[in-house]
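The values are calculated or read from the model by the stated rules, or taken from the named source; none is laboratory data. All values derive from a computational prediction rather than experimental measurement. All Cβ positions, glycine included, derive from the backbone under ideal geometry; neighbour counts span all protein chains shown.
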Amino acid sequence: MSHSLRFQPIGSSWVALHPDPKGVIFFIGGAFFGTFPTFFYRYFLGSIYQAGYTIVALPFRFTFRHWSVAISLLQEQQQLRPTLVEMAKHAGYATTVYQTPEQFYWIGHSVGCKYVALLELLSSSRWAEQSKSCLESQQIERTQLQIDTRIPDTMGIYSQRSLLIAPDISDTDSAIPKPLARIVEALGLGVQPSRSQTLCLIRQSSLFHLTAIISLAQDTIAGRVADMDETQSDVRWLLNHLTDRPLLHLEQSGKHLEPVGIRIGRWIVDLNPFDKFIEPIARRELEANVLMFLEKLGQKF
């Protein structure tokens with residue numbers, strides 16, 4: 001049965017409540033596009049909604065302080081949970097799923113994947129201790145203070161599934177031109193945590209057991225399977241260093257902005273002339289692959 005996709009502003013998020021949800025999707029998009037997720041990712045999110053999931057689209061502000069964004073996203077989820085229960089009760093919908101964190105899924109696209117990864121890293125009760133070889137002590141103390149102040153009882157997204165689409169573990173030069181990035185880094189104002197720090201944290205963690213990755217064969221930003229140099233390819237790095245965990249992975253055709261697009265008749269328009277710009281819905285692979293991975297992740301443990 002088809003249900004009408006309707007987003008409501010709740011807190012800092014946009015929520016599309018499904019009448020009979022089998023899971024809750026928390027979605028974080030890429031830079032710029034992720035600021036307006038209900039517009040730029042409408043077809044993508046609508047397809048997941050029609051498959052039976054409540055959608056929570058989480059816009060984020062542009063900043064180089066990525067720990068702060070991750071913590072605010074986690075805080076937003078915790079504040080939303082009781083609200084979702086009340087909304088569902090008021091509408092006469094099922095409520096059990098909103099009280100079961102194991103039925104929560106995080107989907108990230110591009111830099112949104114970095115925020116999902118940071119949330120995963122915060123799921124360890126020993127994250128601060130384990131971070132000492134990757135982060136400066138001041139960065140650990142500052143981040144821990146934010147956690148203690150804003151979400152003192154957090155367990156991160158432990159037991160919640162995550163799907164990373166075209167993961168971009170963003171660094172300063174990913175956000176601004178390289179000459180300016182070098183100046184910003186020299187002033188100590190660059191992205192925190194940096195790409196190297198984030199990858200160090202992922203490598204040392206024992207997490208990421210409920211994770212899937214979809215890479216794109218023509219992606220020159222996040223990388224692809226064919227890449228040889230993991231220092232330039234986040235996809236290649238993740239595939240190389242998460243081999244000891246039950247990682248699900250699939251690579252399909254497409255460029256970095258494959259999830260972006262709105263429907264016009266039988267076409268998907270991504271509003272980006274540097275990407276495909278327009279393609280027929282009949283050729284879309286992404287949504288079917290995402291739904292397949294959500295089912296597989298739901299069967300884990």
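A search for C-beta distances below 7 Å between a residue of region 3-20 that is in contact (Cβ under 8 Å) with a residue 24 or more places away in the chain and any residue that is assigned to a loop (DSSP other than H, G, I, E, B) and among the aliphatic types (A, V, I, L, M), counting only pairs 6+ apart in sequence or on different chains, returns Ser13/Leu58; Ala16/Leu5; Asp20/Ala94.
When Ser162, Ser123 are checked against the criterion of being at pLDDT 90 or above and either surrounded by fewer than 23 Cβ atoms within 10 Å (Cβ to Cβ) or not basic (Lys, Arg) (or both), Ser162 stands alone in meeting it. Number of residues in region 199-237 that are closer than 17 Å to Arg161 by Cα, of a type outside the set (Phe, Trp, Tyr) and buried (at least 17 other Cβ atoms within 10 Å of the Cβ): the value is 8. Condition check for Gly108 on (1) outside any helix (DSSP H, G or I); (2) more than 29 Å from Glu287 (Cβ to Cβ); (3) modelled with pLDDT of 90 or more; (4) not acidic (Asp, Glu): one failure, at (2). Can you pull out every residue in region 264-293 that is outside any loop (DSSP other than H, G, I, E, B), at pLDDT 90 or above, out of contact with any Leu (no Cβ under 7 Å at 6 or more places or on another chain) and closer than 14 Å to Leu45 by Cβ? Correct list: Leu286, Glu287, Leu291.
For the criterion of being in a helix (DSSP H, G or I) and modelled with pLDDT under 95, Gly34 passes. Got at least one residue in region 52-66 being modelled with pLDDT under 95, of a type in the set (Phe, Trp, Tyr) and either touching a Leu at 6+ places or on another chain (Cβ under 8 Å) or more than 22 Å from Ala222 (Cα to Cα) (or both)? Among the residues of region 52-66, at least one is modelled with pLDDT under 95, of a type in the set (Phe, Trp, Tyr) and either touching a Leu at 6+ places or on another chain (Cβ under 8 Å) or more than 22 Å from Ala222 (Cα to Cα) (or both), which makes the answer yes. The set of residues in region 132-159 that are surrounded by 15 or more Cβ atoms within 10 Å (Cβ to Cβ), at negative phi, at pLDDT below 90 and outside any helix (DSSP H, G or I) comprises Ile151, Thr154, Ile157, Tyr158.
Just one of the listed residues (Ala70, Ala88, Ala117) is in a helix (DSSP H, G or I), buried (at least 23 other Cβ atoms within 10 Å of the Cβ) and touching a Phe, Trp or Tyr at 6+ places or on another chain (Cβ under 7 Å), namely Ala70. When residues in region 87-133 are screened for being touching a helix residue (DSSP H, G or I) at 6+ places or on another chain (Cβ under 8 Å) and basic (Lys, Arg), 2 of them pass. If the condition is being touching a residue at least 60 places away in the same chain (Cβ under 8 Å), crowded, with 22+ Cβ neighbours inside 10 Å and not aliphatic (A, V, I, L, M), then region 44-54 contributes Phe44, Tyr53.
What do you reckon, is Thr100 closer than 19 Å to Arg6 by Cα, of a type in the set (Ser, Thr, Tyr) and over 14 Å from the mean Cα position of the chain (by Cα)? Against the criterion (closer than 19 Å to Arg6 by Cα, of a type in the set (Ser, Thr, Tyr) and over 14 Å from the mean Cα position of the chain (by Cα)), Thr100 does not qualify. Among the residues of region 1-12, those identified as surrounded by fewer than 13 Cβ atoms within 10 Å (Cβ to Cβ) and in a loop (DSSP other than H, G, I, E, B) are Met1, Ser2, Ser4, Arg6. Among the residues that make up region 81-95, is at least one of them touching a strand residue (DSSP E or B) at 6+ places or on another chain (Cβ under 6 Å) and within 17 Å of Arg161 (Cα to Cα)? No: region 81-95 contains no residue that is touching a strand residue (DSSP E or B) at 6+ places or on another chain (Cβ under 6 Å) and within 17 Å of Arg161 (Cα to Cα).
Residue by residue, here is whether (1) in a loop (DSSP other than H, G, I, E, B); (2) crowded, with 17+ Cβ neighbours inside 10 Å holds:
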{"residue": "Trp14", "(1), (2)": "no, yes"}
{"residue": "Asp20", "(1), (2)": "yes, no"}
{"residue": "Phe62", "(1), (2)": "yes, no"}
{"residue": "Gln75", "(1), (2)": "no, yes"}
{"residue": "Gln79", "(1), (2)": "no, no"}
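Only one residue in Gly108, Gly34, Gly29 is over 20 Å from Leu291 (Cα atoms), crowded, with 22+ Cβ neighbours inside 10 Å, out of contact with any Cys (no Cβ under 8 Å at 6 or more places or on another chain) and in contact (Cβ under 8 Å) with a residue 24 or more places away in the chain, so which one is that? Just one listed residue meets the conditions, Gly34.
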